[in-house]
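Asker: Dropping a structure here in structure tokens format, bear with me for questions.
The values are calculated or read from the model by the stated rules, or taken from the named source; none is laboratory data. Fair warning: this is a prediction, and the values are worked out from it, not measured in the lab. Here the Cβ is made from the backbone with ideal geometry for all residues, glycine too, and neighbour counts use every protein chain on show. Only protein heavy atoms, including side chains, enter the accessible area calculation; ligands, DNA and RNA are left aside. Shrake-Rupley method; radii C 1.70, N 1.55, O 1.52, S 1.80 Å.
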Amino acid sequence: MVLHEKALAYLLRFLSGMDDEAVLRTFRIGYTADEEKFPHYDLVFLPSGFFESERYGTEDSIPQGPLPQIGNVPFLYGDPVVEQRGQTVLVHADLPASAFFFLSRYEEICRRKTRDKHGRYPGRQSFAYKHRLLERPLVDEYGVLIRQWLRQCGKSVPEPARGLSKLWVTHDLDRPFFCKGWRSVLRETLRGKGLSYALKVHTGKIQDPYDTYSWMFETEEERLQSLPYPRQTVYFIKSGGTDVCDKPHYKLTSKRIKRLLRQIDAQKATLGLHGSYSAAGNGASSFEKKRLEWFIRHKLDKNKNKVFLFRSHFLRSCEPESFRMLEKIGITDDFTMGYADVAGFRLGTCRPVIWLDPARGTLSHLVLHPLTVMDNTLYQKDYMYLDEDSAKEYCAGLFEKARRYGGEVCLLWHNTTLAGNAYPGPDVPWARSFYIYLLDYLSKMEAPDTISGKSTISSLS
């Protein structure tokens, strides 16, 4: 597989941790085995043969044994050797290939049969989890090494300021309401709490336990109104799907959904497409996107008639074909990149990254946003199943890693998990207090000061 020139240039730039495209010219970072070219660079990575190997794209290309390290930072390909060649620092550790492995989700094309019952790549089967790296944004750690080596060349390279670059507060509307129609009333009559309860919820005599939106609006605004860094709230809406896992099949034109989406729009939140369960395999997201855009144009605001943000239902989008389809239909940003069964840095970074196609070696236009943590990942028995204190400690650890490397935090919280003790909420009586804790914790974190290179408030560490 040939890594295209634009893809390689972007990979080296992302690795360096400096977004300016001139960085490759200013600091002259190379990726070559041609010794005659070494003097043209300040820093050279020696290719390990990963991209040219006949094993590329096969499971045999995934490292198996203990990983080599440089400065307590493990890498996947090459050797732990750094030497000086004249004015050039030559690194035998193939950090570009190691970073590509994580950023492109390379292992997932090598192990296409490794999928759970929902067609997802399991986090506990991932290379990062098995090597205890999932809680480390390893690609961002590579950037620290690279900047050290550039300074060794006599270059003045500032360390990126610590702090969060952005907070994404996202919600998937899988089940907007509990008893929205007569089918759900029948469901509760036969299998739930009974006809009386279902009728009271359906007729509004008691509040629908899944209608937690006012609480979310008020709580998020109260806790996050004075953040020193940008915050964007996104509600991902389903607009299609025929699979049983897409239930309830709500319609955008129903009165309750229209009213809810208008409330969301009034909060200045963004609407994104929640691609259906079935769309992940059959490309139906194009039709679903057009349907949602029609609704926004005709029912909300004709000036907001395009949908650019996407998350796949059940976090099912993991194949290169899925990403190519998203790019083709005009999606610019994907928020699916987290494992359902365990939280961590699935992409090996806490920063948004342009997707590198592992099958073609090309650079796309689709930005992948690392999903830091999802509520169900923490709560469910078949996932992490943490108690409140353990969940707080785990999430705080991920947030601090994002702060350290100037990354983003992306939360995924469902309206249903915030039902608290109300039937039929999750068996997590601390769900709301825990969410408040996370918001309060994030509100105390600083933003990077891109001018001075210093944090805007004192460090939390």
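Asker: Given a Förster distance of 41 angstrom, what is the FRET efficiency for residue 155 paired with residue 360, based on the Cβ-Cβ distance and rounded to 0.05? Intermediate values should be presented prior to the final figure.
Answerer: Details: r = 33 Å, r/R0 = 0.81.
So the FRET efficiency works out to roughly 0.80.
Asker: Place a label point 7 angstrom from the Cα of residue 9 along the Cα-to-Cβ direction, then list the residues of the stretch 26-61 whose backbone nitrogen is under 16 Å away.
Answerer: 26-31
Asker: How large, in Å, is the stretch 1-80 by the Kirkwood hydrodynamic radius built from its alpha-carbon pairs? Each step should come with its number before you reach the end.
Answerer: On the way: mean 1/r = 0.0696 Å⁻¹.
Computed over Cα pairs of the stretch 1-80, the Kirkwood hydrodynamic radius comes out at 14.4 Å.
Asker: From the Cα trace of the chain, what convex hull volume per residue do you get, rounded to a whole Å³? Each step should come with its number before you reach the end.
Answerer: Numbers: hull volume 68.4 nm³, N = 461.
So the per-residue hull volume is 148 Å³.
Asker: How much length is gained on full extension from residue 114 to residue 59, taking 0.36 nm per residue of separation minus their Cα-Cα distance?
Answerer: On the way: separation 55, 0.36 × 55 = 19.80 nm, distance 1.09 nm.
Extra length from residue 114 to residue 59 when fully extended: 18.7 nm.
Asker: Based on the alpha carbon coordinates of the stretch 276-320, what radius of gyration and maximum Cα-Cα distance (Dmax) apply, in Å?
Answerer: Computed over the Cα atoms of the stretch 276-320, radius of gyration and Dmax are 11.9, 34 Å.
Asker: Continuing with this model, one more query. If DNA, RNA and ligands are ignored and the probe is 1.4 Å, what is the ranking of 325, 337 by accessible area, most exposed first?
Answerer: Details: 325 40, 337 0 Å².
Descending accessible area places them as 325, 337.
Asker: From the cross-link list 117/401; 255/304; 258/381; 155/401; 247/381; 130/381, which pairs have alpha carbons spaced over 24 Å apart? List each step's numbers first, then the result.
Answerer: Working: 117/401 31 Å; 255/304 20 Å; 258/381 34 Å; 155/401 26 Å; 247/381 22 Å; 130/381 20 Å.
Exceeds cut-off: 117/401; 258/381; 155/401.
Asker: Continuing with this model, one more query. What are the aspartates and glutamates whose alpha-carbon lies under 16 Å from the alpha-carbon of residue 113, with same-chain residues fewer than 8 places away excluded?
Answerer: Residue 113 reaches 59, 60, 319, 321.
Asker: Only bridges with both residues in the chain count here: give the DSSP antiparallel percent, nearest 5. Before the final figure, lay out the partial values.
Answerer: Working: 12 of 43 bridges.
So the antiparallel bridges in the chain amount to around 30 percent.
Asker: On a straight-distance basis, which aspartates and glutamates could pair with residue 392 in a cross-link, Cα separation under 13 angstrom, same-chain partners fewer than 8 positions away excluded?
Answerer: Correct list for residue 392: 375, 400, 440.
Asker: Per DSSP H run of n ≥ 4, the term is -39500 (n - 2.57); total these for the chain, divide by its residue number, and report the mean residue ellipticity at 222 nm rounded to 500 deg cm²/dmol. Could you put the intermediate results ahead of the total?
Answerer: Values: 16 runs with 152 residues, N = 461.
The helix-only estimate for the chain comes to -9500 deg cm²/dmol at 222 nm.
Asker: Moving on to the next point. Given labels modelled 7 Å from the Cα in the Cβ direction, how far is it in nm from residue 36 to residue 243?
Answerer: My value for the distance between the label points is 5.4 nm.
Asker: Among 65-72, 209-216, 9-16, 341-348, what's the highest-first ranking by average C-beta atoms within 10 angstrom per residue? If you can, show how the numbers build up before the last one.
Answerer: On the way: 65-72: 11.5, 209-216: 18.8, 9-16: 20.4, 341-348: 24.5.
Order by mean packing, descending: 341-348, 9-16, 209-216, 65-72.
Asker: Spin-label point model (7 Å from Cα, Cβ direction): what's the residue 267 to residue 388 distance in nm?
Answerer: It is 2.3 nm.
Asker: Provide the FRET efficiency to the nearest 0.05 for the residue 148-residue 301 pair, computing r from the beta carbons and using R0 = 51 Å.
Answerer: Working: r = 49 Å, r/R0 = 0.96.
Computed FRET efficiency for residue 148 and residue 301 comes out at 0.55.
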